[in-house]
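The values are calculated or read from the model by the stated rules, or taken from the named source; none is laboratory data. Being a predicted model, the structure only gives us computed values, none of them experimental. Heavy atoms of the whole protein, side chains included, go into the accessibility calculation; ligands, DNA and RNA do not. Shrake-Rupley method; radii C 1.70, N 1.55, O 1.52, S 1.80 Å.
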Amino acid sequence: MRKRIYLMRPSIGLEEIKEIKKVLYSKFLTEGKVTYQFEKLVSQYTHAKYAIATTSATTALHSIFQCMDVKGKNILVSDFTFPATALAIIQAGGRPILVDVDRYSMNITREIVDDVLNQSIEFITPVSLFGNPLRPDFYNLRKRGIKIIEDGATNLGTKVNNKFVGSLADATCFSFHPRKIVTTGEGGMITTNCKKLEQKIRSFKTFGKKGTKFVCVGTNYKLSDIQSAVGIAQMRKIEKIIRKRIQQAKIYNELLSKIDFIEPQRPNMKSRHTYQSYTCIVKKQNLRNKIIKKLSQKNIESQIGTYALHCLPVFRKTPKIGNLTNSEFLYKNSISLPLHEEVTVDEQEFVCKTIRNV
């Protein structure tokens with residue numbers, strides 16, 4: 001049997017080990033100046049005024065929702081997403097309302113929102129998936145007084161009209177899980193241009209503390225300097241990682257163009273897709289799971305794209321608008337293929353040959 005072809009392998013080397021050693025030798029291991037340095041690197045990179053580190057993208061979202069006071073309020077949220085997006089709304093006392101996505105970009109669009117928007121909606125949580133950003137016109141909803149809290153967990157480095165995701169919404173979250181383009185093992189980051197929100201979140205994530213006083217209800221979502229040391233080393237090579245992934249995606253595009261029953265996620269116009277995941281639609285019904293099984297038999301890792309929330313038991317009673325047919329179709333027919341710096345062209349060819357022969 002061929003060696004295992006992993007779905008994702010983080011780009012980790014001596015640079016990360018060197019930065020971790022500095023923290024260990026300092027003997028200051030909790031959140032401190034190294035985490036603040038990591039935050040600064042992310043804010044500078046995304047061109048957002050502020051960046052706040054958290055323990056995960058989920059706790060980042062929870063912090064945003066809590067500090068934007070969504071309790072009792074309706075929030076439109078993409079149905080095609082990982083459950084954490086809606087769970088964070090519920091944890092903060094908000095009321096998620098599930099809406100459909102575009103079948104080909106796999107993201108929510110302005111047209112979808114315009115069709116369902118009413119006076120009861122103050123917040124929208126779009127999910128920009130797999131490195132594919134939202135369309136530029138989506139952010140114009142802010143001009144109508146709608147607050148946009150973007151789940152950009154997969155989209156650090158993605159650009160819209162040459163502007164980075166993280167600088168366009170009222171607040172954005174990113175993930176540093178090992179499947180993301182850059183990682184800290186586990187971790188998250190919030191970006192915003194609002195100083196008042198930044199101050200609220202910093203207090204909330206450190207037990208409600210402001211200065212030396214505990215002034216409000218809070219929790220502990222601090223990111224350790226050990227994890228942030230990894231993040232610093234990762235941020236120094238993020239553009240190199242992205243360039244490699246775009247190059248590999250082009251190879252997949254060419255190989256899969258010869259297979260008529262599979263189609264890659266369509267990048268939005270005037271954007272930079274970073275391919276955090278190389279996700280495709282299997283156009284023949286009931287074939288996706290057979291492909292996953294066949295790939296596994298050949299020692300190749302793959303995974304479904306993500307979930308249609310309304311199909312999951314925990315969200316069966318969650319309000320929704322429309323039939324969510326695109327989201328459900330993608331849940332049942334999308335697949336993510338191996339993509340990372342260790343994947344060779346030969347292995348990409350083997351993956352596509354295995355798919356073609358299913």
As a test of the formula, what do you get for the chain when each DSSP H run with n ≥ 4 contributes -39,500 (n - 2.57) and the sum is divided by the residue count, at 222 nm and rounded to the nearest 500 deg cm²/dmol? -10500 deg cm²/dmol
Probe 1.4 Å, heavy atoms of protein chains only: per residue, the accessible area of the chain in Å² is 45
Relative contact order computed over the chain (Cα-Cα under 8 Å; 6+ residues apart), in percent: 25
What's the carbon and sulfur percent of the chain's accessible surface, probe 1.4 angstrom, rounded to a whole number? 52
In the Gaussian network model of the chain, springs joining C-alpha atoms below 10 Å, which of ASP260, ASP225, ASP79 carries the largest mean-square fluctuation? ASP260
Part-to-part distance (alpha-carbon centres) for the stretch 282-358 and the stretch 59-129, which is given in Å: 23
Relative contact order for the stretch 231-358, counting Cα pairs under 8 Å that sit 6 or more residues apart, in percent: 31
